[in-house]
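For reference, the structure is listed below as structure tokens.
Bear in mind these aren't lab numbers, they're just calculated from the coordinates by the rules spelled out. Since we're looking at a predicted model, the values are computed, not measured. As a convention, Cβ positions derive from the backbone with ideal geometry for all residues, glycine included, and neighbour counts pool all protein chains shown.
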Amino acid sequence: MLKDIINSIPEFMWNNIFSVINTLGCGLIVAFFTSTYLKKKEERTRIAGVIVEKRINSEQDILHFLEAELIKEEINRDNSSKNDYLYDELLEQFDLPVPYDGQMQYAAIFSDPYLFEDFFHEFEEKIMYHKLWLDTNVKEHLVFMQLYFACFNTIPLMMKRIPLPKGQELSDEEFADIHGMLLLLLGHCCDKEINSLMSELDEKIVDSVYKLELSRPKKSIMRDNMFNVDMERCQKRLKKNTIPGKKLENITRLIFSLIYSIKGIDVDSLTQEELDEFIKSSMPRDYDDMKAQLEEFKSGIQKIAEEHDCKVIHKDELKKYPGMYSISLKDALEGKEPRKNPLDDDEDEVKDKEQSM
């Protein structure tokens, strides 16, 4: 009987029934995959929102911290102490950049070594606390800034390595005074460069938000305890493109000058015997090695001079060779050209002009 009922149903009705079943099946399959895809997309969007929020909060916290700590202080030489211009003259003397004409401007943290020390450690803690949420480029730039500020943190260490004769060591008060002056001078000298680093940080933070990258970075500057190629690149950039890196020799000479000045030591006026005694007294352990290296260096210079038919003399002996060309070792290493020694008549004319003036 059931068979007769089924056979009695027209063919077009069976076609419609199978069409409805087929449509429902396809719809269920499509709905299943669509709902799964939408759930994953919704989850990814939710995670992206959390990451963006965390990233914005972390980077904003660090940026606000730096802006608050690097607030400027300014001393204008025209309406304050008449000795303010000495700072710029001291920088010019050692071929260090003088960023502002007539103004002594610097970040407040450079006015006191204790303020700078607190800033440096808190900055380091901020980076470590927020490092999980920072953009790769922002993180690398912050590490570079950390290296940059670490250069100022080495001033006390550089001061301790300046040789001084036994019995003429710096007192705690003298050490603190020189440290404070050096920090202030270098903070003023590097102020424009610090402003440039802050502008670059601001730009990288904006890019990290509007060009959001959710994929896990293949490498991080924090890997391998920071002993990696990215850190080496930052160190090379610091050495070649920044004032603390390019002007390290000038900064060292400035430290020498300030320390020897406060101790009343004039190394340039010492005779060879006095200089040897000075080095022996200040660096007894290294004296013999330095003396051997100096003799080897002198013999090398003498050999080069003989090969080029030149003569090595002391600068006080230049008067014995009027009209001839001479060059100091420092100028030769810097690639400068030799200068002609003045004739005796020229020296007399110069003296007459000076007396007439």
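Given R₀ = 51 Å, what would the calculated FRET efficiency be for LEU248 paired with ALA48, taking r from the Cβ atoms and rounding to 0.05?
With a Förster radius of 51 Å, E is 0.70.
Which entries in the list LYS126/LYS160; LYS240/LYS303; LYS263/LYS298; LYS315/LYS336; LYS246/LYS311 go over 28 Å, if you measure between the two C-alpha atoms of each?
LYS126/LYS160; LYS240/LYS303; LYS263/LYS298; LYS246/LYS311
Picking from HIS179, SER196, THR136, whose Cα lies most toward the positive end of the charge dipole for the range 111-235 (charges on Cβ: Lys, Arg +1; Asp, Glu -1)?
Farthest towards the positive end: THR136.
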